[in-house]
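What follows is a single structure, written as structure tokens, with notes after it.
Read-outs throughout are calculated quantities, based only on the coordinates presented, and are distinct from any laboratory measurement. Note that this is a predicted model, so its numbers are computed, not measured. We place every Cβ from the backbone using ideal geometry, glycine too, and count neighbours over all the protein chains shown.
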Number of protein chains: 2
Amino acid sequence: MRDVAATAGVSLKTVSRVVNDEPSVREETAQRVRDAIERLAFAPNELASSLRRGRAGAIGLVIEDLANPFYSGLASAVEQVADEHGHLLLIGSCGEDAARERELVVRFLRRAVDALLLVPAGGDHSYLLSESGAGVPLVSLDRFASGIELDTIVSDNRGGARAAVDHLLAHGHRRIAVVADRPSVWTWQERIAGYREALGAAGLGEGDRIERTAATADEAQAAVAELLALPQDERPTALFTGNNRITVGALHARHAAGAQTALVGFDDFELADLLRTPVTVVRQSAAEMGRVAAEIAYARLDGEDGPPSHRVLPCELVIRGSGEIAP
Amino acid sequence: MRDVAATAGVSLKTVSRVVNDEPSVREETAQRVRDAIERLAFAPNELASSLRRGRAGAIGLVIEDLANPFYSGLASAVEQVADEHGHLLLIGSCGEDAARERELVVRFLRRAVDALLLVPAGGDHSYLLSESGAGVPLVSLDRFASGIELDTIVSDNRGGARAAVDHLLAHGHRRIAVVADRPSVWTWQERIAGYREALGAAGLGEGDRIERTAATADEAQAAVAELLALPQDERPTALFTGNNRITVGALHARHAAGAQTALVGFDDFELADLLRTPVTVVRQSAAEMGRVAAEIAYARLDGEDGPPSHRVLPCELVIRGSGEIAP
DNA sequence: ATGAAAGCGCTAACAA
DNA sequence: TTGTTAGCGCTTTCAT
């Protein structure tokens, strides 16, 4: 930049003005500077600029697993909003590991990201209180973070789960199993609660619950294989699978067992309509969630204050066949 | 950091040494500094550190579309390698837009990323020659960048395409249509070339080619719907779909038309085995590609020199049913 | 083993 | 409209 200034015969600050499109530079001067920039192939250092300004020109996103379509859809929406604001996007996956999540959060904040969005893994998040003293907008997506009040946007997990199980009940099922994520995760709690509420409303009690957990598609496949191998009078006639990974595992197990067990999954997925038995799902929109979360963050950056906001996005039951199989 | 130094009664430099785990600090001094860090809740500013060091502690990845499972799988693998090296990951999608790609590349370089991986969109990439003068390792994934020689890692697109079409030919097909991506993209050229080679080797000529392009699943669905609506003596009896988006679109069109047209797709996808007609595909590994590309970048950072390297990963034909349907 | 001084490349604040 | 000065928070170099 010094070289550009010398070449153009102006001061450093004038070059800075031109680079940043500040007004109040005479057009003729600006042109001279632009020529010099061109000739020297000058590229400003955004790191230095960020340091001086105290703003990074980037936002951070911490998710569980970039390879999971739910999270990549979410990330894609966040990316788009960031881009509209001229920001770059730092992404990190923590794989439901609280320690790793914290590490990523800390590193992002140390890079002075302008805002931080995260899908909180299980565990206490009060550490965010001190980490974010700096006033960096913090938004929680998909789940509530425990131990701290943040701007949060989630799907109506409980309502969606209840709709799924109600649907199965309405089709005559009484032995309905749920396979869901780790209990430490907020979404799990909600989805399980929805399951129990629906059973309860149908007059079914604790003894009628069949609850399994699975963290991966493989674990889900194993769990469902076990369920389908139960003696007929204990075997569930219907499955409620608590997320997209679990649904995939369950479908494989169901296929391997040659079973026609009814199934409703949480999370829609591509080609669900073209499966051998088209899959009935509770749909939530990862993209919408990502978009809204990013917009909340930018509203905060824009000076919007007030207490942490909570947004709940509705879920939608998409009927395709697998949920309408009779017991 | 100044405050920490004052609190611990040492100089700035000593704090810096402790923060960076440099040796040659007496343990007792180090402990005093660590106490001060703790008490003041000091967090070093990575931006400042990066500026001074001239290295960002991050790498950049430019892909086409984060919401596409192929690219998110690739990104996930890159992320993992970056993490192993203590680096953060900047991601940007350019949606096959050359101008947007360049913008992202420039911004990443201005942030002094330590290495840059990119899936080159169509168009000339000689601009990279000047942009990367700084000696930042540049690796091209999934495609060759035209106009510049870069470390590049691709799948054997031509071989994979040829295997797909050979397979259809072996099952008696003679009117085989290909639906592939934009012609400006390197992978398209290779996959089309493989298609033509296979036809040629079977004694079929230009007149026997049925070639369509589609950039999205929707466009592919429309293109395939048209093909399937052709009079029977012109209608293709088999489809070779050139990427995962196109396969999805084609499957929908095929289903809507109630057709039993044979189909082999490029790119494997989840649940392909559980579709009504399980889908035969040519599988490539996005994860492997991402991992290897990142490792090449780190090898370069490690001082490895020599001319740009080319790595070609093999593809694998996965037989599931849709490719074995008779004409 | 520790510290002082200089400066990475830029922009904010103020001055001319 | 343009320039000067100071300094963002850290690390390098060199001295002690």
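Listing for the model above:
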| read-out | value |
| --- | --- |
| Dipole of chain A, positive end: most advanced residue of A:GLY321, A:PHE144, A:GLY172 [Cβ charges, Cα centre] | A:PHE144 |
| Relative contact order (%) - criterion: Cα under 8 Å, at least six apart; region: the stretch B:69-210 | 16 percent |
| Closest approach to the B/A rotation axis among chain B Cβ atoms, residue and whole-Å value | B:SER72, 2 |
| Computed [θ] at 222 nm, helices only, for chain B once each DSSP H run of length n ≥ 4 contributes -39500 (n - 2.57) | -13500 deg cm²/dmol |
| Computed magnitude of the charge dipole of the protein assembly as shown (debye, nearest 20; Cβ of K, R +1, Cβ of D, E -1) | 680 debye |
| About the Cα centre, charge dipole magnitude for the stretch A:2-44 (Lys/Arg +1, Asp/Glu -1 at Cβ), debye | 140 debye |
| Chain B, relative contact order [Cα under 8 Å, separation at least 6], % | 17 percent |
| Shortest-first distances to equivalent copies, position A:ARG209, nm, label 7 Å out along Cβ | 6.3 |
| Those GluC sites (Glu not before Pro) in the stretch B:277-308 that DSSP places in a loop and that have at most 14 other beta carbons within 10 Å | B:GLU304 |
| In nm, spacing of pseudo-spin labels at B:VAL25 and B:GLU103 (7 Å Cα→C-beta vector) | 4.3 nm |
| Among A:LEU129, A:ALA5, A:ASN68 the positive-end extreme of the charge dipole of the stretch A:1-146 (Cβ point charges) | A:ALA5 |
| Pairwise label distance in nanometres, B:ASP233 with A:GLU234, each label 7 Å out on the Cα-Cβ vector | 6.6 nm |
| Zone residues, the stretch A:147-188, relative to A:GLU211, backbone N less than 15 Å from point 7 Å out along Cα-to-Cβ | A:158, A:161-162, A:176-188 |
| Prolate/oblate/rounded call for the protein assembly as shown, Cα gyration tensor, a/c under 1.5 rounded | oblate |
| For A:ASN20, inter-copy label distances in nm, listed shortest first [label point 7 Å out on the Cα-Cβ vector] | 2.8 |
| Angle between chain B longest axis and helix B:244-256 axis [Cα atoms, degrees, rounded to 10] | 40 degrees |
